[in-house]
Amino acid sequence: MAKSPCPISKTQFLDKAEPVKITIGNMEIIADKREFSTGSFGWYHNGKTTITVDGKPLSVQVGLNLTVVGSKEADR
């Protein structure tokens with residue numbers, strides 16, 4: 001299967017990308033733009049939040065990567 005080309009360069013992404021708001025349960029978290037160690041880029045969040053189940057608050061660890069498809073091979 002052919003890879004999808006990335007329509008934006010790494011420089012454009014890092015200059016122009018805005019943080020992404022994501023809702024988990026009732027909590028809104030913010031994923032910040034990032035270049036990953038693999039050379040790809042996208043958004044990242046790592047933290048904790050609380051989700052309630054049957055009236056009981058559960059502390060959960062959130063690890064989130066949103067990687068732009070094809071970004072590893074994108075122009076710099």
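Taken together, the values in this text are just the output of simple stated rules run on the coordinates, not laboratory data. Please read these numbers as outputs of a predicted model, since none were measured by experiment. Reconstructed Cβ throughout: ideal geometry from the backbone, glycine too, with neighbour counts over all protein chains shown.
The conditions of being more than 16 Å from the chain's Cα centre (by Cα) and either of a type in the set (S, T, N, Q) or at negative phi (or both) are met by V53.
Residues that are among the hydroxyl-bearing types (S, T, Y) and under 30 Å from Q12 (Cβ atoms) within segment 36-64 comprise S37, T38, S40, Y44, listed in sequence order. What pairs come up if the first residue lies in segment 29-55 and is touching a residue at least 24 places away in the same chain (Cβ under 8 Å) and within 15 Å of K72 (Cβ to Cβ), the second is of a type in the set (D, E) and surrounded by fewer than 17 Cβ atoms within 10 Å (Cβ to Cβ), and their beta carbons are under 6 Å apart, counting only those six or more places apart or on different chains? Final answer for the pair search is F41/E35.
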